[in-house]
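Written below as structure tokens is the structure these notes are about.
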Amino acid sequence: MAQRPTRAYLAVPAHRSRLVAKAAASAADAVFMDLEDAVPPSEKSLALEEAVRSLSSLDWGNKRVTVRVNAADSRFIAQEIRALAMLPRLDAVIVPKAERAGDIVAIADQLRAAAPDRASPVALELLIETALGLVNVDTLAACHDSVAALHLGVGDFAASIGARSSDIGVSPDGYRHVGSAQSGYASAPLDLLAYPMMRLLVAARAFGLHAIDGPCGAFRDARLTESAAQKAAAMGFDGKQVIHPDQIEPTLRAFMPSDQELAQARRIVEAMEQAEAQGQGAVTLDGKMIDYANVRMARRIIALGS
């Protein structure tokens, strides 16, 4: 069965019940209740209780509903697995700091052992947020049949590689040579996240998984939010994490093809269908050669707009 849309993937601290209720009623395609970084150690037990209550009592509509548990080596995860595994409304568990396949297999096995009679197993979504996680991303993607998605943890990844930035989800300004204002050296563009985004996306596509980009930390900047989402959408990601409800609409908009894109995609498909009827495998459209690769790309755009 195809996974539900995950274009705007809203993060919400599980212990903030009012915010969780708003997330359930929001326009986001997917929500993850966080038990990890957004929850201080003193509130971990409360957060788990609230996550269980919310999964059992709130109307989530058609959203994909997940919970980000604590890391594989934490003292909290065993209890979290036991409490969450049997809840039918839970679609997936997000595993943070995913680095080693053995940890992921162990979590998958524990989830299934905790709920042997569950109609459909809880899926796993892996948060790649360290250099080691990215190096091992292919192995992680293929390590268990319950793995359904890869997320890029942009903030922790930047810290992991030692990037000189304190902003989440955006690159620092380009490097400028010392004294460049006087000497005329140009600023060098820097896209800190281009490689990890593409690396994760390729692994996801190779193994049939969804790919979710990390959030833009500037949640009050609608233009930057939409721009970052447009980049992820153009690359081929299935969605992007958002950390505030104000980011939902700009992100959804970025992942929906424009009327112009849809019209052009339909023209490509129609032109190719006409070429096929004439026994041809390629055709010229608007001065460009169109073949089956173009048709496959066009059909993805049409599917995104449906």
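The values are calculated or read from the model by the stated rules, or taken from the named source; none is laboratory data. A quick note: this is a predicted structure, and the numbers were derived from the prediction, not measured. Using ideal geometry, Cβ is built from the backbone for each residue, glycine included, and neighbour counts are taken over all protein chains shown. Surface accessibility is based on the protein's heavy atoms, side chains included, excluding ligands, DNA and RNA. Shrake-Rupley method; radii C 1.70, N 1.55, O 1.52, S 1.80 Å.
Order these peptides, 10-16, 25-31, 92-98, by their mean beta-carbon neighbour count within 10 angstrom, highest first.
On the way: 10-16: 23.3, 25-31: 20.9, 92-98: 25.4.
In decreasing order of mean packing, 10-16, 25-31, 92-98 become 92-98, 10-16, 25-31.
Run the reach check for residue 22 against lysines, Cα to Cα strictly under 25 Å, same-chain hits fewer than 8 apart removed. What comes back?
Of all the lysines, those that pass the test against residue 22 - Cα under 25 Å, at least 8 places apart if same chain - are 44, 63, 240.
Which of the helices in the chain, when you take each full DSSP H run, stretch at least 15 Å along the axis at their Cα atoms and have an average Kyte-Doolittle score of 0.0 or higher? Provide the component values of the computation, followed by the final result.
Working: long enough: 44-57 (20 Å, 0.04); 101-114 (20 Å, 0.76); 194-206 (18 Å, 0.84); 222-235 (20 Å, -0.03); 259-277 (27 Å, -0.72); 292-304 (18 Å, 0.46).
Within the chain the helices that satisfy the rule are 44-57, 101-114, 194-206, 292-304.
Hey, got the dipole for region 180-298? About the Cα centre, +1 on K and R Cβ, -1 on D and E Cβ, debye to the nearest 20?
Values: 11 positive and 14 negative charges, 62 e Å.
Roughly 300 debye, rounded to the nearest 20.
At R0 = 35 Å, how high is the FRET efficiency between residue 60 and residue 163 if r is their beta carbon distance? Nearest 0.05 is fine. If you can, show how the numbers build up before the last one.
Working: r = 36 Å, r/R0 = 1.02.
So the FRET efficiency works out to roughly 0.45.
Name the shape class, rounded, prolate or oblate, that the alpha-carbon gyration tensor gives for the chain, where a ≥ b ≥ c are the square roots of its eigenvalues, rounded holds for a/c under 1.5, and otherwise prolate holds if a/b is larger than b/c and oblate otherwise.
Values: a/c = 1.79, a/b = 1.28, b/c = 1.40.
It comes out oblate by the Cα gyration axes.
Could you report region 260-305's accessible area per residue, 1.4 Å probe, as an integer in Å²?
Working: 3130 Å² over 46 residues.
In whole numbers, region 260-305 has 68 Å² accessible per residue.
Name the shape class, rounded, prolate or oblate, that the alpha-carbon gyration tensor gives for region 112-152, where a ≥ b ≥ c are the square roots of its eigenvalues, rounded holds for a/c under 1.5, and otherwise prolate holds if a/b is larger than b/c and oblate otherwise. If you can, show how the numbers build up before the last one.
Numbers: a/c = 3.03, a/b = 2.67, b/c = 1.13.
Because a/c hits 1.5 or more and a/b exceeds b/c, region 112-152 counts as prolate.
Can you give the % of DSSP beta bridges in the chain that are antiparallel, to the nearest 5? Write down the numbers at each step before the final one.
Details: 4 of 34 bridges.
Of those bridges, close to 10 percent are antiparallel.
Starting from the Cα of residue 288, draw a straight line to each of the lysines and keep only those under 29 Å, dropping any in the same chain fewer than 8 residues away.
231
Would you work out which of 262, 304, 293 lies farthest towards the positive end of the dipole of region 260-305, given +1 charges on the beta-carbon of Lys and Arg and -1 on that of Asp and Glu, about the Cα centre?
Sorting the options by dipole projection puts first 304.
Can you work out the accessible area per residue across region 1-90, with the rest of the protein chains kept in place, probe 1.4 Å, in square angstrom? Kindly include the intermediate steps, with their values, before the conclusion.
Values: 4090 Å² over 90 residues.
On a per-residue basis, 45 Å².
Quote the relative contact order of the chain in percent (integer), defining contacts as alpha-carbon pairs under 8 Å separated by 6+ residues. Mind dumping the intermediate values first?
On the way: 550 pairs, mean separation 43.0, N = 306.
After rounding, I find 14 percent.
Points 7 angstrom from Cα along the Cβ direction at residue 27 and residue 277: gap in nanometres?
3.9 nm
Out of 70, 19, 208, whose Cα points farthest toward the positive end of the dipole of the chain (charges: +1 Lys, Arg; -1 Asp, Glu; placed on Cβ)?
Positive-most Cα among the choices belongs to 19.
Using a cut-off of under 18 Å, list every residue of region 70-85 whose amide N is near the label point 7 Å from the Cα of residue 119 along the Cα-to-beta-carbon line.
Only 85 pass the distance filter.
Is there a quick way to get the dipole size of region 8-256? I mean about its Cα centre, with the Cβ of Lys and Arg at +1 and of Asp and Glu at -1; what is the value in debye to the nearest 20? Could you put the intermediate results ahead of the total?
Values: 24 positive and 29 negative charges, 46 e Å.
Magnitude of the dipole: close to 220 debye.
What's the FRET efficiency of residue 288 with residue 191 using the Cβ-Cβ distance as r and R₀ = 41 Å, to the nearest 0.05? Before the final figure, lay out the partial values.
On the way: r = 27 Å, r/R0 = 0.67.
The pair residue 288/residue 191 has a calculated efficiency of 0.90.
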